[in-house]
1. Roll a 1.4 Å probe over the protein chains and send me the accessible area per residue for the range 28-82 in Å².
2. So what are the radius of gyration and Dmax for the Cα set of the range 26-89, in Å?
3. Mind ordering 49-62, 72-85, 27-40 by average Cβ neighbours within 10 Å, highest first?
Amino acid sequence: MCCCKLHCPRNSGLMIQLKKLSALKVFKTTFPCGFALEILHVYSRLPVIVYKFRHWGFMEGPFKGNSPTREMVEFSGIGIFEVQFFYDPGQLLEGLLKEKPSDEYKIKALSTCPFLLQQSNLDK
């Protein structure tokens with residue numbers, strides 16, 4: 001790591017992306033059949049989910065000059081992510097109604113999702 005950290009061109013967004021791509025290539029070479037994710041336990045409900053996981057795969061390719069062992073490699077940990085759903089409830093109701101609703105009963109979806117708001121403005 002460069003001693004100048006934030007101002008170093010090696011820490012630019014492009015370099016970070018290239019490092020990620022390079023790491024992905026190494027990862028896919030070392031684990032050509034994939035590296036499975038198994039959820040072992042879920043500790044909380046939506047919208048913030050806390051879970052215990054296990055990641056595992058078989059080292060079937062080389063890793064930085066080390067020959068493949070064909071042995072299972074694994075690690076476990078705790079994951080946290082926040083879930084947000086953006087949808088049009090009208091789509092569900094349209095599928096439930098046998099006839100098309102009259103104009104007075106049409107449902108307009110309200111959404112905070114910027115993508116859906118942008119799409120609805122383009123449709124006008």
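The values are calculated or read from the model by the stated rules, or taken from the named source; none is laboratory data. Note that the structure is a prediction, hence the values are computed from the model and not measured. Cβ atoms come from the backbone with ideal geometry, glycine included; neighbour counts cover every protein chain shown. In case anyone asks, the SASA skips ligands and DNA or RNA and just uses the protein heavy atoms, side chains included. Shrake-Rupley method; radii C 1.70, N 1.55, O 1.52, S 1.80 Å.
1. For the range 28-82, the solvent-accessible area averages 74 Å² per residue.
2. When restricted to Cα atoms, the range 26-89 yields Rg and Dmax of 16.3, 54 Å.
3. 49-62, 27-40, 72-85
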